[in-house]
Structures are given as structure tokens and as C-alpha cells.
Amino acid sequence: MSSEDREAQEDELLALASIYDGDEFRKAESVQGGETRIYLDLPQNFKIFVSGNSNECLQNGGFEYTICFLPPLVLNFELPPDYPSSSPPSFTLSGKWLSPTQLSALCKHLDNLWEEHRGNVVLFAWMQFLKEETLAYLNIVSPFELKMGSQKKVQRRTAQPSPNTELDFGGAAGSDADQEEVVDERAVQDVESLSSLIQEILDFDQAQQIKCFNSKLFMCNICFCEKLGSECMYFLECRHVYCKACLKDYFEIQIRDGQVQCLNCPEPKCPSVATPGQVKELVDTELFARYDRLLLQSTLDLMADVVYCPRPCCQLPVMQEPGCTMGICSSCNFAFCTLCRLTYHGVSPCKVTAEKLMDLRNEYLQADEANKRFLEQRYGKRVIQKALEEMESKEWLEKNSKSCPCCGTPIEKLDGCNKMTCTGCMQYFCWICMGSLSRANPYKHFTDPASPCFNRLFHAVDVNGDIWEDEIED
């Protein structure tokens, strides 16, 4: 290495270190080289999108988002001993949101810049081109479609490309379908998949916006003091900015008064509400626990799909899945039926007591349309219908049947004598006094003068249209 080349390299690296901060330029430790990160300035309201017919399945068939920042292009370079007198720097150019073809077009233009500056240092010219002209050179405008390109490599050509070749990659952004896509081995799209690319872009954009916010000055409209963004907080919906000290006092007063639903933006008539994360950042642990508890309780009271664990020692809220009657408490792991509040019984009918069915029936019959829909949603139409049918059946059975004295099976008497046979347990019994009869001689009950039903075997029986009334002898 000549002393002139050595001195030129040292001066260039020293100049770059003084122009750019540590995040934009880092000199390599072991070799003459380094890494530069080029952050592009995007137009206002710049949009990125993924078309619905892309190779990866994205939710809702597509994606579009407005961003302010894109991840940087990364230029890694190494200076050969005869740079800048004879040879150009060896480099790789990587980027997450440009396709390999687009990165190849930039690599070719960097080669052209070297040819224009042959014999002189060129790194600063490269960085300026990448920062200021990349979007225009590749014809990138909003909305910009994100794509995953082929990583097919070709051997790097050392000959200077023709102007027409450069235009094919640059002016057309490498999208000419009639030509086979050629990828420079120095161009690297360092991203695994389209979905991970989207997430990385959004995360980077959010981090950069926070960084910019923290470095700016804002006027707090509560204390009317000008403070750095790092000492302020803004409401996400309206973007109104206030200092953290004022918002802390405001939040604490509202929470102590139990007004957890009223942590609105202090701007008059502004409906924006602070997020739980913002509240947690400003108030102490004990006060946030009160806020969290009151907010949860007020929210649960408005939700029809929330049930409470029926165990007296627990009583924690449990989310009820749509169309499912099983609830599982996240605290005690008790699995219960959300209809009857007893242990979960699968597809078996709920063991609802007659009293509870009666109460549910009465509540349903007296409710208006809105409350009827609420009861149907909470207990299910099947249980409501069952309650109505059960009560109608019970009323009919009370009027038209009697229970077997042995097993309790309801028995209806249509005709015949007063000696009855239970269809459940086959026990004989008297329809008049409901006493059990002897299986050996059931009619003795009606022929024994000492029996209360003596000579009343056909008492109150309809015979040829006439009611038979037996006379009981004294």
C-alpha cells in the first residue's frame, strides 16, 4: 500500500466519523473498512402495501399502512490496499424492504460512481446518493408495494455496465417481466419472510417516531411550560401533548375519586382516553391496582358474555365463549356449566331445580323485549323454553294426575275402576285414598268393611254417561 493511498483512506474514514454519528457510521476494528447505515427521508403520508395475491397469506387479503420511517440500507465496505488510486472499495449492500433486483440496480450505480471518481475517494458520494436519490432512482412512490425477490446469485461483472443496462434496473426498478431477473451477489435482502418484513418495518417506524418525539420541545397546555418530548406524553387518538407531571396529578385525582372511565384528554370536548399502559407509566403501583380493579369491574358489568365462578371462595369473572356452555375459571380451574352454574356436565341436560325454573319462567314472562333477549343470551333459548314447558307440564300434571305412592310417577286416570297400576314400578294403589294395595289381593281394599274405600271400587266412574256413586253402608 502506497503512503498516498494509506493517507487518503485514513482521512476519508476520519471525515466520515466526524460527519455521521455512531448509529450511521462505524469503522471496522481489524481491517480498513466499516459499516454505514443510510436512513432515507420519506415523503409525507408515505404508504406501504402488500397486495392480496402475494405469495404469503395475509389477513383480509392485503395490507396497507402509513409510515414515517423505513429501516436503513446497510453498506458494508472494505478498502483494498490500492484504493483509491486503482481499485474501488469492495462492498455489500443490504436492505429489508428493497428486492434483490432493486438492490442490484443500486450496486451497479455505485460502480458507475466509482468510475466517475476513479482515483479519488468515493464513499461519501456513495452515501449521499443512497440517502438522497434512492427513491427517485428506483421510481419508488407512495403507495409502495413490498415484495420478496429471488435470491438467485450471478457472478459479479467487473466491466462497466452500459447505460442501457443501468436503466433497465434503475428506471424500471428491476420490474421488467420480459427480461430474466439478474441479481448482483453484493445485493442482500436480509429478511426471512414477507410477514416478518412487515413487522420489522412497523416496529422500526414506531421506535423512530418515539425517538423523534422525545427529542422535540412541546408546550404543555396545563402548566404552560415548554418541555422535551421525553418529559411529555400524548394521547394516541388526538395527539394532544401534555407534560407527564401534570398528567400524573390529573390521573391520580380521577382514580382516587373512582372516575376510571373519565381519564380523557384534558382538552375541552376531546373524547380521547388514556390507555392503561399510559396510566401505569405515570401512577404508583397501588393506585394503578385500584384503577385496574375499578376499570375491570365497570367493564364487566356492561358485558353480557361474562359469568362469575360459582365457587363461593373464588367468584372471579370468566369469559363465556360464543356457543359454548362451559366456563373454566382461570384462578381455581373449576369447570362449570354457564347455564346452571353447576359442575360441567357436557351434553347432558342442566340439573335446574323446579324452584329455579319457576323463578326463571316468571322473570321471563314479566320481562320486556330487551330483558327477554338478555335472558335468552345468558341462559340460552333452550333453557328458557324448557322452563316454560316444564311449568306448563307441571301445572297440567297437578290438575290431571296423581303421583304413585311408591315411586312418585305421575299417573293419569282415563277410565276404569279405582284400582290403579303404576306404569313405573307396577305397584297397585287406590285412586281414592292413594294407599298401596296388596299384590296378592288388591280388591280386598274395596271389599273389606273396615276399609275407608269399602264398596267404592267404581266410585265417581263414568259409566254410559252417568257418574257411578256407590252407597256406603253404615
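The values are calculated or read from the model by the stated rules, or taken from the named source; none is laboratory data. What you are looking at is a predicted structure, and each value in this text was computed from that prediction instead of being measured. Cβ placement follows ideal geometry from the backbone for every residue including glycine, while neighbour counts extend to all protein chains displayed. Side chains are part of the model used for accessible areas, which takes the heavy atoms of the whole protein and leaves out ligands, DNA and RNA. Shrake-Rupley method; radii C 1.70, N 1.55, O 1.52, S 1.80 Å.
Miscellaneous remarks
- Remark: for residue pairs 27/147; 96/211; 47/96; 381/402; 47/280; 27/96, the C-alpha separation exceeds 24 Å in 27/147; 381/402; 47/280.
- Placing +1 on the Cβ of every Lys and Arg and -1 on the Cβ of every Asp and Glu, with nothing else charged, gives the range 215-300 a dipole about its Cα centre of roughly 140 debye.
- C-alpha center-to-center spacing [the range 371-434, the range 9-52] in angstrom: 86
- For residue 282, net neighbour charge (Lys/Arg +1, Asp/Glu -1) across residues whose Cβ lies under 13 Å away: -2
- Solution diffusion estimate, µm²/s, Stokes-Einstein, the range 184-318, Kirkwood Rh from C-alpha pairs, 10 °C, viscosity 1.306 mPa s: 88
- Label-point gap, in nm, between residue 120 and residue 85 - each point 7 angstrom along Cα→Cβ: 1.9
- Among the trypsin sites (Lys or Arg not before Pro) in the range 256-330, those placed in a DSSP loop whose Cβ has at most 12 other Cβ atoms within 10 Å are 269.
- Across the options 230, 260, 215, the greatest Cα extent toward the positive end of the charge dipole of the range 215-300 (unit charges at beta carbon of Lys, Arg, Asp, Glu) belongs to 215.
- Where GluC sites (Glu not before Pro) fall in DSSP loop in the range 378-454, at most 13 other Cβ within 10 Å: 412
- In this calculation the C-beta distance from residue 256 to residue 236 is compared with R0 = 35 Å, giving a FRET efficiency of 0.90.
- Hz values of 3J(HN,Hα) by residue in the range 433-440 - Karplus curve (6.51, -1.76, 1.60), Gly and Pro given as x: 9, 6, x, 6, 10, 5, 6, 6
- The length gained on full extension between residue 407 and residue 145, counted as 0.36 nm times the residue separation minus their Cα-Cα distance, comes to 86.6 nm.
- Mean accessible surface per residue for the range 1-41, computed with a 1.4 Å probe while every protein chain stays in place, in Å²: 60
- With the simple model of a label 7 Å out from the Cα in the direction of the Cβ, residue 128 to residue 436 spans 11.2 nm.
- Entry comment: accessible area of the range 215-300 is 59 Å² per residue, from protein heavy atoms only and a probe of 1.4 Å.
- Of the solvent-accessible surface of the range 215-300, computed with a 1.4 Å probe and all protein chains present, 55% belongs to carbon and sulfur.
- The magnitude of the dipole of the range 1-54, with charges of +1 and -1 set on the Cβ of Lys/Arg and Asp/Glu and taken from the Cα centre, is near 480 debye.
- The HN-Hα couplings worked out from phi for the range 102-119 by the Karplus form 6.51 cos²θ - 1.76 cosθ + 1.60 (θ = phi - 60°) are 5, 5, 5, 4, 5, 4, 5, 6, 5, 4, 5, 5, 5, 4, 6, 9, 3, x Hz, whole numbers, x standing for Gly and Pro.
- Neighbourhood charge, 11 Å Cβ-Cβ cut-off, centred on residue 85 and excluding it, Lys, Arg +1 and Asp, Glu -1: -1
- Whole-Å distance, taken between Cα centres, linking the range 256-271 and the range 195-233: 22
- Between residue 10 and residue 366, residue separation times 0.36 nm minus the direct Cα-Cα distance comes to 119.1 nm.
- A simple spin-label model places pseudo-atoms 7 Å from Cα toward Cβ; at residue 41 and residue 190 they are separated by 2.6 nm.
- Calculated from backbone phi, Karplus (6.51, -1.76, 1.60) coupling profile of the range 420-425 in Hz, x at Gly/Pro: 10, 10, 5, 6, x, 10
- Protein heavy-atom accessible surface, 1.4 Å probe, per residue over the range 404-459: 55 Å².
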